[in-house]
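The values are calculated or read from the model by the stated rules, or taken from the named source; none is laboratory data. Predicted model, so just to flag it, every value in this text is computed and none were measured. For neighbour counting, all protein chains shown are included, and Cβ atoms are generated from backbone atoms with ideal geometry for every residue, glycine included.
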Amino acid sequence: MFYGAVVWDPWLIVAQIVCLQCLYYLTLGIFLAILVGTRVSKMSLVYFFDYAIVTASTVTGWCVIASIFLSSVAGAGYLLYLIERAKKCLDFSATLYIIHLFICIIYGGWPSSITWWVVNITAFAVMALLGEYLCMRRELREIPISRYRSSV
């Protein structure tokens, strides 16, 4: 979609980062609404950005963890269509999760939960590696030229 020329284009990079971040949070919100929204009386930004909610000791915490992982899988698909280059997937995934870390720090302070770190680092790895795999498969596809060959 945004795949452009080889020249360095900072506006393209910023647009890709903004699009990827927005799509990630939209997807996370949908999964949180489906998995967590049925368990709690009121949804809030706490489920997005508070590190204390990401816990393995409650069913709601497990639903938040599942939402984060499902969003990272969807994020790999977004990398396939927005970034389109396997060598850029790690950079854009890292940027997404670093921005997420800064938002979490602003919202609720430094994440002191080991569970939060394990979940987010694992989700980052899933998004980066799956995104690279998907982009590599697309890059390595054969170009069909059979219809352009003349009959011999």
> Inside segment 111-136, can you point out the residues that are at pLDDT 95 or above and surrounded by fewer than 13 Cβ atoms within 10 Å (Cβ to Cβ)?
Replying inline: Ile114, Ile121
> Given the structure, is Ala52 part of a helix (DSSP H, G or I), small (Gly, Ala, Ser) and more than 24 Å from Leu129 (Cβ to Cβ)?
Replying inline: yes
>> I'm trying to understand the selection: among the residues of segment 7-26, which are assigned to a helix (DSSP H, G or I), more than 18 Å from Met127 (Cα to Cα) and of a type in the set (Phe, Trp, Tyr)?
In response: Trp11
> Just checking, how many residues over segment 81-110 are of a type in the set (A, V, I, L, M, F, W, C) and either in a loop (DSSP other than H, G, I, E, B) or surrounded by 21 or more Cβ atoms within 10 Å (Cβ to Cβ) (or both)?
Replying inline: 5
>> Just the residues that are modelled with pLDDT of 95 or more and either loosely packed, with under 15 Cβ neighbours inside 10 Å or assigned to a helix (DSSP H, G or I) (or both), please, taken from segment 27-44.
In response: Thr27, Leu28, Gly29, Ile30, Phe31, Leu32, Ala33, Ile34, Leu35
> Does segment 10-45 hold any residues that are of a type in the set (A, V, I, L, M, F, W, C) and touching a residue at least 40 places away in the same chain (Cβ under 8 Å), and which are they?
Replying inline: Ile17, Cys19, Leu20, Leu23, Leu28, Phe31, Leu45
>> Can you pull out every residue in segment 111-131 that is part of a helix (DSSP H, G or I) and either polar (S, T, N, Q) or touching a Gly at 6+ places or on another chain (Cβ under 6 Å) (or both)?
In response: Thr115, Asn120, Thr122, Met127
